[in-house]
Each structure stands twice: as C-alpha cells, then as structure tokens.
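Report on the structure given below.
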Amino acid sequence: MPSVLIPLAHGCEEMEAVIVMDILRRAGVDVVAASLTPGPVVCSRGTRLLADALLDEVLQQPFDMLVLPGGMPGSEHLKNDARIQTLLTHYAAEGRYIAAICAAPMALHAAGLLEGKRATSFPGVLDQLPGTHHYVEDAVVRDGNTVTSRGPGTAMSFALALVGLLCGEAKRQAVEEPLQRS
C-alpha cells in the first residue's frame, strides 16, 4: 500500500488538506497527517484539524510521497521549516514524489526543486518568484516526480492525480466515479 506524508502547518488551507487526505484514503493509501507543532492545527479559515502525529515522530518513516497543502500563512511556515526543506531535498534526491498546491509550491521553490520544471501555483505565488521554472496556469501540473496545483478549487483534481500516480489509472477512476463530479 502506498504511503503519503502530509505536513500540517498553522494557517494551512483546510480544503486542500482535508480533500487530499480524504481522496487518498478512499484509494486505500496510508496517509499520515503530521503537524509541525503540538496541538490542533488552526487552518486559514479557523477550522481546527487534529493531526495523526507530530512531524518529528514520523520524520524517519519511508513515505512514497510528500504532499504540501497551501494556504497562508501555512505555506510560509512550510517554506521556513528546516525539517520540511530537508524532507523535500531527500525526497527529490531519492526520486520520490513531491506534491504541493496553492501557495505551497513556494516551499519547493525555496528548496531549489522547481529549477527548469513546469509548475503552477495560486496566482501571484510562483509567477512572482525569481527562477528558471516554467509557470503554467493549468489546474494540475506534473513534471517528473513533482506535482503542483493551483488552489482550493483544484484540490479534488489534484488529489485524484496523486491517486493515479500512486495507485494507477483504474484506481483513480474507481475513486472518482462515486464522487459524482460530472
């Protein structure tokens, strides 16, 4: 069974965190939501989430994918957290999947992981950051083992794309069908 680590920082976008966790779990993925700090995570709209673990407790676990939810100031917290930057660097070096949505691609940019890659983000985030990445306005952009997405409205498409990567297209379709998206 594939495994995914989703770090939760205060100020994260609740829709992006919860939709991704839910869709991945519907696909049978082992998801661990890990808070950067003890206690409930207060999201950008005031929703409180209880993480499965503290980030420090799961740093050494070999997850298949790292997914960063966006939102502000949650994305800033992820970008400025040395543990997250170290995880990003290790995952990239080992060829594991890295995914970020909304403003969270700024953490990938800070780690130098978007150089020469196609990527997207919430408007005004990546397109305002210097670098040699290629900003694209698609809902979900995959370049190698890196996946980025635009924001809360694209969270379900983002999560389903992650299911496709981890579990295959048939599983993605099986998860999507009962959601009644169309």
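The values are calculated or read from the model by the stated rules, or taken from the named source; none is laboratory data. None of the values given here were measured: they were computed from a predicted structure. Methodologically, a virtual Cβ is constructed for each residue, glycine included, from the backbone with ideal geometry; neighbour enumeration extends over all protein chains shown. The accessibility values were calculated without ligands, DNA or RNA, using every heavy atom of the protein model including side chains. Shrake-Rupley method; radii C 1.70, N 1.55, O 1.52, S 1.80 Å.
I need every pair where a residue in segment 104-116 that is closer than 16 Å to GLU13 by Cβ has its Cβ under 7 Å from the Cβ of a residue that is among the basic types (Lys, Arg) and open to solvent by 30 Å² or more (accessible area, probe 1.4 Å), sequence separation at least 6 or different chains.
Every condition considered, the pairs that remain are MET106/LYS79; ALA107/LYS79.
If I go through segment 9-39 residue by residue, how many of them are under 23 Å from LEU179 (Cβ atoms) and touching a residue at least 60 places away in the same chain (Cβ under 8 Å)?
Of the residues in segment 9-39, 13 are under 23 Å from LEU179 (Cβ atoms) and touching a residue at least 60 places away in the same chain (Cβ under 8 Å).
Could you check segment 26-60 and list, in sequence order, the residues that are open to solvent by 50 Å² or more (accessible area, probe 1.4 Å) and part of a loop (DSSP other than H, G, I, E, B)?
THR37, PRO38, PRO40, ARG45, THR47, LEU50, ASP52, GLN60
Please specify each residue of segment 2-13 satisfying the condition of being open to solvent by less than 20 Å² (accessible area, probe 1.4 Å) and either at pLDDT below 95 or at negative phi (or both). Walk me through how you get there before you give the answer.
Taking segment 2-13 first, the residues open to solvent by less than 20 Å² (accessible area, probe 1.4 Å) are 3-9, 11-13.
Answer for segment 2-13, where residues must be open to solvent by less than 20 Å² (accessible area, probe 1.4 Å) and either at pLDDT below 95 or at negative phi (or both): SER3, VAL4, LEU5, ILE6, PRO7, LEU8, ALA9, CYS12, GLU13.
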